[in-house]
Each structure stands twice: as C-alpha cells, then as structure tokens.
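Report on the structure given below.
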C-alpha cells in the first residue's frame, strides 16, 4: 500500500456516506468517492499537514458533490416529496457498520438512525446544495463553525447564515436536538411488523398484509414517480400482488438498509424453477402499523450481498441472512 493509500483509505466509507447524504443515491455516491480520490491524488502535493487529511478529503468530496448537483440542478419542492426523488436509493447497513470509530475521530461514525433514514435523506434534498453541505458538517458531523466554513471556502458568518436557513427549512421534519434522534436499533414493533410483513407475503395472505398497514399508508416506488396514499387505494395493489390472481409465489429475505426494517423479495413465476430477485421494500413504522413503504428495484441486490436467485429448496425465511 502506498503512503497516499495509507493516509486516505481509512476514510473511504465515511466519505461514501457523506456523498450519499448529499446526493441521495448509492451509486452516484460511489462515483463521487472515486472522483474524490482521483482529485486528491492529483493534488496530494498540496497537503502540507498530514494530520489534516480527513477535513481535506471532506472538502474535496463536498466540492465533487456540489459540482454534480450543479450539473443536475435537482431539488425537491417539499420534505415529503419522496415520489419525486427519482434518484433516491437505499443504503446497506452492513456498509454503515464498516465505519470504525477512532479515539480522535468519534464523528467518523456519525451514522445515527435519524441521519440515514430515508425521510431524512429526502428532506435534505429540499435544501440548496451549499446549505445541505453546511448542515451536514455542523449538525451531523458536529464540526465547529470555522471548519464548516473552510469546508465550503466561505466565511464563518456566511456558513452560520446558511446553517440557520437550513435549520429553518428542516424544522418540523427532523428533531431539533441530537439527543432526540432515534437509536440505530429497531424497535420491538418494527421487528414484529417486519416478520408479519414477510410472513403475509410468503403465505400470499392479502388480508394479513392489509391488517398490519395504517389507514393512511403511503407507497412510493423510486425511480418511478408513483405515489399511492391510503389503505383504500393500496388494498387493491396488495390483492393483486399476493391474492389469488398473483403472478407467482414469493420468498422474502429480511434485510437492513438505512437503519430501517426492510425485505428483499424474490418472485417465482408459474413454470419457473427458481425465485428471481424482484424488489426491495423499506418499511416505516409508527403506532404499531406500517405507515410507509418505499419500494426499490434490484440494482442494490449485489451491494446488499444478495444473490440474484433463490433455489426452490433453499428458499424461505432464515436461509439467506443479510446483516
């Protein structure tokens, strides 16, 4: 390993999470990190203080993301506009767990539940890019005002002004105090409802699937700009997916993404001999019911360590485990 790699590689995963928060896309974050390391390598001679490699890399990564956002000019109109976030992708928990704490960098593991949940990631997309960057530096990473200002190459006063505007925009969508943010662990309700969700789908029991859903449940399906609200509108979809006229049989694998309960679904169509990767459902739970499902395609199956197919003999709960 080169001296450059020794200095920079320990920060790769946390930089990926930072870029993911900025861009809301797992794959775009991968590209941003690659570009970050390329720019860092090209400008490595400018790094005078080797102990400052981490903020230096964050500054490069932030500028890479700002450049990417400048090219796309995309922002959401509201913090609950998940259906319009066509670029949104989930983030595997197993990769979050690769970020190891260090004595001098406790914020390297600033991956608390609230700061990675899909609702938080979507809310960030409402902010102008520079406000998004300063908010992440100050309120997620916990950096001092001077370091946040240096991250953006601006004054402390300008950075504080941007932070205040960001906090005002996000008020009501995230807890005001860090201590009020949830822990990374799933609640008992979330574990129970995920198990019931898996069982209802595998048994093709539409009534059971409807029973665990909130009356005002919402389903969105990035990248499709589709949104379904309310049990009356969603019940027919559930009936079509797991009722008597369904397309085939289902096997679901409980997974963990964005510190939220989720399941990867495999479908075996009539005449087929294997269950094939079909979708990922991420659940949001409140008051003992599923209140939101965000459904993604199969692009993230490899990053989750999931196989493309399950053999009939191997299919079923507990056979494939993803931490």
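Bear in mind these aren't lab numbers, they're just calculated from the coordinates by the rules spelled out. On a predicted model such as this, the values are computed, not experimentally measured, just so you know. Please note: Cβ atoms are built from the backbone with ideal geometry, for glycine as well, and neighbour counts cover all protein chains shown.
Some points to look at:
- Alpha carbon convex hull of the range 3-180, volume per residue in cubic angstrom: 117 Å³
- Tilt relative to the chain, helix 156-170 - C-alpha long axis, 0 to 90 degrees, to 10: 10 degrees
- Helix 26-42 and the longest principal axis of the Cα set of the chain meet at an angle near 20°.
- Peptides 70-80, 277-287, 7-17 ranked from most to least packed by the mean count of surrounding Cβ atoms within 10 Å: 7-17, 277-287, 70-80.
- Using only alpha-carbon positions in the range 188-311, the gyration tensor eigenvalues give semi-axes of 21, 17, 14 Å once each is multiplied by 5 and square-rooted (largest first).
- Relative to the longest principal axis of the Cα atoms of the chain, the long axis of helix 12-23 makes an angle of roughly 80 degrees.
- Over the chain, Cα pairs under 8 Å with separation of 6+ residues give a relative contact order of 16 percent.
- Per residue, the convex hull volume that the Cα atoms of the range 22-85 enclose (Å³): 96 Å³
- Separation in nanometres of the label points that stand 7 Å from Cα toward Cβ, at residue 245 and residue 207: 2.0 nm
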